[in-house]
Amino acid sequence: MLEQIFTNDDVPREVRLNGINASPMRNFYRDKTVFLTGGTGFLGKLFIEKLLRCEVREIVLLVRAKRNRTPRERLQRQFEREAIYVTYAKDPNWYWDRLKIVEGSLEYDNLGLSEADLAYLQRSVDIVIHSAADVRFDVSLKTHIRTNVFGGNELLKIALGMSRLVSYLFISTAYANCIHEVVEEKYYDNVGVDPMTMVRLAESVDEDQLNVLCRKIIEPWPNTYTYTKMLTENLVRQYCDRLPVAIVRPSIVISTLEDPIAGWTDNVYGLNGVLVGVGCGLLRVLHCHAHCHADIIPADLVVNSSLAVIWHTSTQPAQGGPVEHIYNCTTRSDNPFTYQNVFDYGVGFREEIPALQSLWYPTYNGVDSPWVYYILQLFYHFLPALFFDTIARLKGMEPKVLFLNRKVLAFSDVLDFFTTNEWVFRNEKMRAVYDAMTADDQTFFPVDIRRVKWAEFFPTYLLGLRKYIVRESLDNLEQAKRKFRLLKAAHYVVLALVYVALAYVGYALLGKGLTERYGFRVIK
C-alpha cells in the first residue's frame, strides 16, 4: 500500500484529472503579470508552479545572489532539484519563457532594484504576492525587523507606483496575533508603537544591545518572527486606503496534500522538524499538551487559498462599505486535529515507514509538566547522546550526536509556546471565498480543508518527509525495516537493563534498610 502512494509523483495533479473546463479564477489569472517575493522559499516555489499552470503572462521574481551563485543559477538549480517542477526536465523553456528575474533583497532600499527593473515593475505588474520572510525563530530582532518590516515597507512603497495593480497580497501567519485566544479576521491594535518607529530603533541601536532588550520589547509575543509579522500587518493596514491589499494568515504549514504532487516539502520548520526528529530517534520527549489543537494545514491549500483570495477581492464588489480583507487560513474550526492525533498517527506508522538513517528506535513521550520535561531530557536526550559520541570517539569517528541533539532540543524549545497553548482562529471570511468558487475552480484550486482525511493523509505526509527531507527513497524500505526491528529489540533490552538497575538501586537504598529495621533476613 505504501509503495503505491507516490506512484504519480512525477505527474502533475491537473494532468491526472480528466479535463478541466475554463474557470473564473483561471480566466482571471490568464495573461496577468505577477510580482512574487520569496520565490526560492517553500510557499514561493509552489506559487511559481501554480501560477504558470494558470497561464499568467509573466512571473517577475525577486531573487538575490547567494553563496557565489547568481539569481538565475539559484533558480535553475531549484528547478532541477525540486520534485514539484514536474515538467522542467522535459521542457525547461516552458518555465523560462514566462519568468523574469530581478536581482534584489528585502534588506535594501527599494529592495536593491535597479532603476530599469523598478520602472518595469511599475508599468507592468498586475498582482503582487509578498511571500518572502525570514521565518527562523532563532535570529535576532534586528535581522527580523530589517527583513520582515523594513522590506515589507519598501515593497509597499514600490507598489504605490504600479499603474496596473489590482491586488497586493501579504502572506502573514495566524500566530501574528497569538496574544489573543480568539483570533478574528481583522486588524488588531496590538501595540502602541508605529512599525517604522521600530525600524528606526533597530537601525540606531547596536545588535548586542538590542538582543539584551529583545525579550522586554517583544513581550508577550513568543519570538521575533511572530512579533515582526504583527508589525508588518499593522504596516499593511496603513496602506489600505491607497492599495488593494489583502492578508492571508496560514497556521502551521506542512507538506502538500496533493497539488501538484503529494507529500512534498523542503524544510524542517514546525511540525516537519518534530516528526523528522522523532522518526530518526533524535527527539524522544517533547513538552506538549496532548489535548491542544495542532492547527496544521497543507502547503498547497495555503497557496490555492491565497490565489482564491486575490481573485475574490479583485472581482467581487464590497458589500456594505469598506472591508478589511484579512483571511485566516486555518483548520481547527473545520477539521480539528490534536497533538495526540499527530503522535498517534506518527508512532502508528513508524514500523511501516522507518528511516534507514534512524539513530535509535523512534519513541515519543509528550510531557505536560515543564519540570518533568527537563528531567527527562537528561535521560532521553543528553545521556544517550553522550554514550553514542563516546562510542564514536573510541572508533576514531567524529562525534556528532550531542551536537545534533542540542539543535533538536533548541528547536523543540522554540515550539514550546505553540504545543502548550490553544487558539481559536475564526475563518468565516475564508469560507465565504471558498463558497464563491465554482466547482471547476475548486477542482483546479483545491482549498477545502474539510475534505482532508487525516488518517489517510498521514502516511503520505511521513513518506514525504522521508523522501524529501531525510532523502531516502522507497528502494531501501525493506533494509530500513530490518534495521528498525534490530533497534526495537535493542531498545527493549536497554529498558530491561535500566529497570533491573533501578530495582537493584531501590533495594540497596530502601529494601536493605527495611530488612535491618524490622529484623527480616534474606535466606541464601
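Bear in mind that the values in this text are calculations on the coordinates, not laboratory data. Please read these numbers as outputs of a predicted model, since none were measured by experiment. Glycine gets a Cβ as well: all are built from the backbone with ideal geometry, and neighbour counts include every protein chain shown.
Listing for the model above:
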{"read-out": "Rounded tilt (10° steps) of 224-237 against the dominant C-alpha axis of the chain", "value": "20"}
{"read-out": "Helix 339-348 vs. the chain, principal-axis angle (Cα, 0 to 90°, nearest 10)", "value": "70"}
{"read-out": "Linear extension gain, T420 paired with E207, 0.36 nm per residue minus alpha-carbon span", "value": "73.6 nm"}
{"read-out": "Length added when fully stretched, R200-E478, from 0.36 nm per residue minus Cα-Cα", "value": "94.3 nm"}
{"read-out": "Most positive-pole-ward Cα, N234, Q76, N427, against dipole of the chain from beta carbon charges", "value": "Q76"}
{"read-out": "Highest to lowest packing among 212-218, 262-268, 199-205, 150-156, scored as the average C-beta count within 10 Å", "value": "150-156, 262-268, 199-205, 212-218"}
{"read-out": "Region 125-140 versus region 54-118: alpha-carbon centroid distance in Å", "value": "15"}
{"read-out": "Total formal charge among the other residues, if their Cβ is under 11 angstrom from that of E154, Lys/Arg +1 and Asp/Glu -1", "value": "0"}
{"read-out": "Highest average packing first - 82-91, 499-508, Cβ atoms within 10 Å", "value": "82-91, 499-508"}
{"read-out": "Ratio of the Cα radius of gyration of region 59-136 to 2.2 N^0.38 Å, where N counts its residues", "value": "1.18"}
{"read-out": "Nonlocal amide H pairs with S358, under 5 Å, H built at 1.01 Å", "value": "none"}
{"read-out": "DSSP-defined antiparallel bridges as percent of all bridges, region 203-340, nearest 5", "value": "10"}
{"read-out": "Trypsin sites (Lys or Arg not before Pro) within region 149-187: DSSP coil, no more than 16 neighbouring Cβ in 10 Å", "value": "R164, K186"}
{"read-out": "Principal-axis tilt of helix 299-315 within the chain, Cα atoms, nearest 10 degrees", "value": "30"}
{"read-out": "Rounded to the nearest 20 debye, dipole of region 50-109 from Cβ charges on Lys, Arg, Asp, Glu", "value": "200"}
{"read-out": "Computed FRET value (nearest 0.05) for A119 with D448, which takes r as the C-beta separation and R₀ as 41 Å", "value": "0.50"}
{"read-out": "Cα gyration tensor, the chain - rounded (a/c under 1.5), prolate or oblate", "value": "prolate"}
{"read-out": "Efficiency of FRET between A65 and A436 - r from beta-carbon atoms, R0 60 angstrom, step 0.05", "value": "0.90"}
{"read-out": "Residue-span extension gain [L383 to V323] - 0.36 nm each, minus C-alpha spacing", "value": "16.0 nm"}
{"read-out": "Normalised convex hull volume, region 34-81, alpha-carbon set, Å³ per residue", "value": "75"}
{"read-out": "14 Å cut-off, amide nitrogen to a point 7 angstrom out along H491 Cα→Cβ, residues in region 399-416", "value": "none"}
